[in-house]
Amino acid sequence: MLFRASAAICGAVVTFVYFSAAAHSEDVPVHATAVVEEACGDALVGAASTYNPFQPGPHEGGPETASGERYDPAGWTAAIKTSLREKFGGVQFGGRPKFALVEAIGKKVIVKINDVGPLVPGRIIDLNERTMRHFDPSMEIGVIRDVKVMPLYGDFWVPGPVG
């Protein structure tokens, strides 16, 4: 009984967020912080870096992500550490991408977790270029320490800054 009530509440929150987000432009924060935090799972804390498979290094993958989507440097996306894939809903090839709230340097953003990877040891998430520029506009920091990453329940989040 309690599970059904929780599922109904979660569904209502996701539906509200989804339809309220549709009325906003891409550059305007569409999620209220309280709504997002209510839908979060347990937080992980670690370091974040950036990746771009079109400028490959020794640890980069190809341009197709684990979800089957092409890497989009203009999206709000990220790759989660492979060993954390279950915590973020599996993130498997051809599957529906999952979402997470990433918090660092006093900023919050919802990202679509559409890839996994062999991240550098000590890092829990790799952010695409747009997401990294949200936290580090000059792209000079390189690695952001003490990043909090929380999985979001539901499949219909709109990636972007949280206001």
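Note on residue 52 and residue 145: the model spin-label points, each 7 Å out from Cα along the C-beta direction, lie 2.6 nm apart.
Name the shape class, rounded, prolate or oblate, that the alpha-carbon gyration tensor gives for the stretch 121-163, where a ≥ b ≥ c are the square roots of its eigenvalues, rounded holds for a/c under 1.5, and otherwise prolate holds if a/b is larger than b/c and oblate otherwise. Taking the square roots of the gyration eigenvalues as a ≥ b ≥ c, the stretch 121-163 is oblate.
No value in this document is a laboratory result; all are computed from the given coordinates. The shown structure was predicted, so the numbers you read here are calculated from the model rather than taken from an experiment. Cβ atoms come from the backbone with ideal geometry, glycine included; neighbour counts cover every protein chain shown.
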